[in-house]
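Every read-out reported here was derived from the displayed coordinates using simple, explicitly stated rules and does not represent laboratory data. Fair warning: this is a prediction, and the values are worked out from it, not measured in the lab. Don't worry about glycine lacking a Cβ; one is built from the backbone with ideal geometry, like all the others, and counts go over all protein chains shown.
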Amino acid sequence: MTAEEMAVALAKNEKDIKSLAHRVASCESENETTRQLAISVNQLAVNMEHMLREQKEQGQRLTVLERAPGEGYLRLKNTVIQCLTSSILGAILGAVMTLVLR
């Protein structure tokens, strides 16, 4: 191999090395972008898991709040029925006592 052929081969190799260095830099940049994306996806998954837990807790609290008026109505209805029953029984007992004591 002559000096001229060696110089041509060396120039070609230098060109290839520069091209490869550029491609490696591009791959490293893409690799960093992919790594950042993976970190972001992981953070998103953690946040979504937290939001799901919070949503379940809110659902339980909402169920309790939705039941409260119905339970209040039932207590009121039972109290009214007890008062009416007591009044009627009191009136009946009062009438019976009045008849017995005469």
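Laid out as a table, the results:
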item: Residue tally, condition more than 35 Å from the chain's Cα centre (by Cα), surrounded by 10 or more Cβ atoms within 10 Å (Cβ to Cβ) and hydroxyl-bearing (Ser, Thr, Tyr), over segment 56-102; result: 4
item: Residue match in segment 3-23 (condition: assigned to a helix (DSSP H, G or I), of a type in the set (A, V, I, L, M), out of contact with any Pro (no Cβ under 9 Å at 6 or more places or on another chain) and loosely packed, with under 10 Cβ neighbours inside 10 Å); result: yes
